[in-house]
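Data first, discussion second: the structure below is written as structure tokens.
The values are calculated or read from the model by the stated rules, or taken from the named source; none is laboratory data. From a predicted model like this one, the values you see are computed outputs, not experimental measurements. Cβ placement follows ideal geometry from the backbone for every residue including glycine, while neighbour counts extend to all protein chains displayed.
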Amino acid sequence: MTTPQAEIEDLIARTAMGDRAAFRLLYDRTAAKLFGVCLRVLNDRGLAEEALQDVYCKIWARAGQYRVNGFSPMTWLITLARNAAIDRRRRRDAGERARVAPIDAAEMVADPAPGPAQQAESRSEAQALMSCMSELPPERAEMVRRAYLEGATYAELSDATGVKLNTVRTWLRRSLMQLRECLSR
Amino acid sequence: MSGPEDTDLPGGWEAAAAEYVLGLLPEDELRAFEARLSQDRDLQQDVEAWSEYFAALTDPVEEVAPPPQLLRRIEDRLFGRKRPSLWQQILPYLLGAVAAAAIAWAAMFSGMLDFRNEPDLWADLETPSRGLVLLAHYAPESQTFMMQREAGDYPAGRSLEIWMIPEEGDTPISLGLVAEDGLTQIPVPQELAAAMDGAAIAISEEEPGGSPTGVAQGPILSIAQMAPRDE
């Protein structure tokens, strides 16, 4: 029996060879997840639909490069989707900073540790990341999430926290190093 | 050119790898980073590892089914100008039909400039080898596409599917199945209705219930161009 991961890899490989039926199957298997990611980033259905079209056009064009960069198949697809959605988002906000919800350290609560059932379901990377993120000060973990899931820039993170841009950057880089150290344990 | 190492920022290239994946690197540093990334295998592994970890941030993101027509739009964008071989085979016939439609159009433009009433559109779909004759009729007033079997038998245990090709090179769009008996009536959505004049209509034979993939699988029995008729 093939694992879902092996199936997605196979579909990407066949797509790289110009197999349109495989491409359609790949779309069937992955579009709902990638559309969810686009919606999360853009929070706008119309734009998310456009971003999703960008994503699958890129998948078709770049499927041959998939093996070159050593990502797992879902990571590769999610990264493409997230980046395409953020491109759309930044074009929409072109020039002006997006209005961002404030990040208030006092109001942030650390994410509760995932329950056993959730842990069993999620990938080992997800478990490691969640547990290491929970070791960061909550407002910094939130910055990382905002940057990845909403494409927030340092300028926007500075607005959201009311902290000077250079200071935000210094904090975040320290947190990223802390995260890296925790993840490599 | 300034790289992260030229600044007082903590973390050096390793932190920059995470910033890169998060999309946080300022423009000038981005270029320096990518130049180094192409040379530095360790840095590439850092970027891969961060990509893998941060992608896990989307684990709680719920799946949402995209609207059904989105795949077709993607395929239009990707393959719109290149038809599968099945359609390439019938292209010569299609080109003849296009010429006929162009003449019809020219006649219309020179003859009458009143477009307030859009004309009804018609096409004869004949399959001489089977003695099958279908008449396609589009009524703009009710935005209804109709099809009547004038001669020949409905293939036993199979379905006849109706495809619309708005413009040459477009991906065929399924309009539905020809009813086994009586008049087939299919309401046409606005965006297709606008493209009906001059569109090609094709009939393919499919498994019962029609093509499961949204793409014609079976043989193309006939194709013709929708055009107004002298009444």
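Conditions tested, residue by residue: (1) touching a helix residue (DSSP H, G or I) at 6+ places or on another chain (Cβ under 8 Å); (2) touching a residue at least 40 places away in the same chain (Cβ under 8 Å).
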residue	(1), (2)
B:Leu134	no, yes
B:Pro172	yes, yes
B:Ala179	no, no
B:Ile186	no, yes
B:Gly198	yes, yes
With criteria (1) more than 37 Å from the chain's Cα centre (by Cα); (2) modelled with pLDDT of 90 or more; (3) among the acidic types (Asp, Glu), B:Glu52 comes up short on (1)
Checked pairs for the range B:142-163, first in contact (Cβ under 8 Å) with a residue 60 or more places away in the chain and under 15 Å from B:Ala199 (Cβ atoms), second exposed (fewer than 15 other Cβ atoms within 10 Å of the Cβ) and not β-branched (Val, Ile, Thr), C-beta under 7 Å and 6 or more apart or across chains, list as none
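Listed here are the residues, each with its yes/no results for (1) touching a helix residue (DSSP H, G or I) at 6+ places or on another chain (Cβ under 6 Å); (2) within 24 Å of B:Val47 (Cβ to Cβ); (3) not assigned by TED's automatic domain parsing to the domain that holds A:Ala147.
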| site | (1), (2), (3) |
| --- | --- |
| A:Ala31 | no, no, yes |
| A:Leu39 | yes, no, yes |
| A:Gln53 | yes, no, yes |
| A:Ile59 | no, yes, yes |
| A:Pro73 | yes, yes, yes |
| Based on what the data block shows, is A:Thr15 within 23 Å of B:Leu71 (Cβ to Cβ) and either of a type in the set (Val, Ile, Thr) or modelled with pLDDT of 85 or more (or both)? | yes
Looking across the range B:195-223 at residues that are surrounded by 14 or more Cβ atoms within 10 Å (Cβ to Cβ) and within 14 Å of another protein chain (Cβ to nearest Cβ), the single one that is modelled with the highest pLDDT is B:Ser211
Of those in the range B:35-72 that are surrounded by fewer than 18 Cβ atoms within 10 Å (Cβ to Cβ) and small (Gly, Ala, Ser), the residue nearest to the other protein chains (Cβ to nearest Cβ) is B:Ala65
Checking A:Arg89, A:Arg146, A:Arg62 in turn, the sole residue that is part of a helix (DSSP H, G or I), within 19 Å of B:Val64 (Cβ to Cβ) and at pLDDT below 95 turns out to be A:Arg89
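Per-residue answers, yes or no, for (1) of a type outside the set (Gly, Ala, Ser); (2) more than 13 Å from every other protein chain (Cβ to nearest Cβ):
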residue: A:Thr3; (1), (2): yes, yes
residue: A:Leu26; (1), (2): yes, no
residue: A:Arg29; (1), (2): yes, no
residue: A:Val41; (1), (2): yes, no
residue: A:Arg45; (1), (2): yes, no
residue: A:Trp60; (1), (2): yes, no
residue: A:Ala63; (1), (2): no, no
residue: A:Pro73; (1), (2): yes, no
Considering the range A:150-185, residues that are of a type in the set (A, V, I, L, M, F, W, C), within 24 Å of B:Glu27 (Cβ to Cβ) and surrounded by fewer than 20 Cβ atoms within 10 Å (Cβ to Cβ), and then whichever is nearest to the other protein chains (Cβ to nearest Cβ), we arrive at A:Met177
Of the listed residues (B:Leu192, B:Leu160), the one being surrounded by 15 or more Cβ atoms within 10 Å (Cβ to Cβ), under 22 Å from B:Glu126 (Cβ atoms) and within 23 Å of the chain's Cα centre (by Cα) is B:Leu160
